[in-house]
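Remarks on the structure that follows.
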Amino acid sequence: MEPNARGEDRKPKIVIITGPTATGKSALALKLAHRFGGQIVNADSMQVYRGMNIGTAKPTPEEREGIPHHLYDIVDPDEVFNAASYRKSALPLLKDLSSAGVLPFLVGGTGLYIKVLLGGLLECPAGDPAYRESLLREVELKGAPFLHDRLRRLDPEAAARIHPNDRVRVTRALEIINSTGRPLSALIRAHRFSDKPFNALKICLQMDREHLYHRIDLRCESMLENGLIEETKDLLEKGYSPEIKPMKSIGYRHVVQYLQGRWTLRETLSSFQRDTRRYAKRQLTWFRSDSEMVWMAARDPEPIIRKIEAFL
């Protein structure tokens, strides 16, 4: 056995169940947790928020079937929570579970959270508030794609990984260039996310693209029929602004358009389905960039069980 392999064996073991939205991660994780006596730890950036249940496809208390679930409903929608917050919360929890002899199943589709948890944080200096404000004014006046074009000229590698409409990541990448004089992609290469506290088996669920998109379309329709409109209305009535980050997420931002009379219900559903399919495509691109990811069919848990048994 190689020295590095022995080092990995000494680290706490965790199993990651990830993949694009609507592949059945939560249901599978529940079966696996029962099978291996494990507990489930959330790795979805939206399921941390209280009161955002239907639109995030959060497992219900009934669906959790007595298996402890961690890092769900831990902050209010208007509280700041990001990848650094997630790592700070998840790291000691996972270590405690492992120390107690419990196998943690990290479940969710937020690739950045998983990457930061397993590899550490990229330390960047604080941005210049005045520069940030100037970027935000440009976004309002000219749109995020305008700034994305600038980022593509300065750091094409980073721009290729960031959606042109993702104003938060586009402006942050430009801030980093302004404050460090170096492109974000160069900082990432230098860091290499090599702080690895766990020996992780990373399983990514896959299914035929056409079948996945069909599941997404049905899920979006079901969410609207089963309370997403009422959930969004309730959040607005509680005083949460449609401008806060969680309310701009897929599903909620679409229903806000409907509640404000800008879209019909038909337009809302169509846009919701389209944007969710696009999100799934971006998730797949992210996961394919990870050479450690083990791709397994979502429909059949038996090979996944055998893979975990071999890992343990």
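Note on R306 and V168: the extension gain reaches 45.6 nm, defined as 0.36 nm multiplied by sequence separation minus the Cα-Cα distance. Only Cα pairs under 8 Å and 6+ residues apart enter the sum, and on that basis the relative contact order of region 204-312 stands at 39 percent. Given the C-alpha centroids of region 240-255 and region 75-143, what is the distance between them in whole angstrom? Computed from Cα coordinates, the inter-centre distance equals 19 Å. Adding -39500 (n - 2.57) for every DSSP H run of four residues or longer, then dividing by how many residues the chain holds, sets the calculated 222 nm ellipticity at -17000 deg cm²/dmol.
Contour minus end-to-end for S185 and A160, with contour as 0.36 nm per residue of separation and end-to-end as the Cα-Cα distance? Additional length available on full extension: 8.0 nm. When Rg and the Kirkwood radius Rh are both evaluated on Cα atoms of region 242-312, their ratio Rg/Rh stands at 1.20. For the pair Q260 and L218, a Förster radius of 25 Å applied to the C-beta separation gives a FRET efficiency near 0.45, rounded to the nearest 0.05. Of all aspartates and glutamates in the structure, the ones whose alpha carbon falls short of 13 Å from that of K202, not counting any fewer than 8 places away in one chain, are D290, E292. Dimensions of region 195-266 based on its C-alpha atoms, expressed as ranges along the principal axes with the largest first, amount to 48, 34, 18 Å. Carbon and sulfur together cover what percent of the accessible area of the chain at a 1.4 Å probe radius? Roughly 50 percent, rounded to a whole number.
Recomputing P(r) over Cα pairs in 10 Å bins from 0, in percent from the coordinates shown identifies the correct label among (i) 6, 28, 38, 23, 5, 0; (ii) 6, 27, 32, 22, 10, 3, 0, 0; (iii) 5, 24, 34, 26, 10, 1, 0 as (iii). Looking at the chain, the accessible area is 52 square angstrom per residue; that uses a 1.4 Å probe and ignores ligands, DNA and RNA.
Placing a label point 7 Å from the Cα of A100 along the Cα-to-Cβ direction, the residues of region 21-49 with a backbone N closer than 13 Å are 38-41. For the pair S270 and R64, the difference between a 0.36 nm per residue extended length and the Cα-Cα distance amounts to 71.1 nm. As a quick test, which of the pairs K11/K58; K25/K58; K238/K281; K31/K88 have an alpha carbon distance above 22 angstrom in this structure? Pairs exceeding the cut-off: K11/K58; K238/K281; K31/K88.
Couplings 3J(HN,Hα) for region 228-237, derived from phi with the Karplus relation 6.51 cos²θ - 1.76 cosθ + 1.60 (θ = phi - 60°), are 5, 5, 5, 4, 5, 4, 5, 5, 5, 5 Hz, where x marks Gly and Pro. Sorted on the mean count of surrounding Cβ atoms within 10 Å across their residues, most packed first, peptides 290-298, 11-19 read 11-19, 290-298. Computed on the chain, with alpha-carbon pairs under 8 angstrom and 6+ residues apart, the relative contact order is 26 percent.
The values are calculated or read from the model by the stated rules, or taken from the named source; none is laboratory data. These numbers were taken from a predicted model, which means no experiment stands behind them. Positions of Cβ are generated from backbone atoms using ideal geometry, with glycine treated the same way; all protein chains shown enter the neighbour counts. Quick note on the areas: whole protein, heavy atoms, side chains included, nothing else; ligands and nucleic acids left out. Shrake-Rupley method; radii C 1.70, N 1.55, O 1.52, S 1.80 Å.
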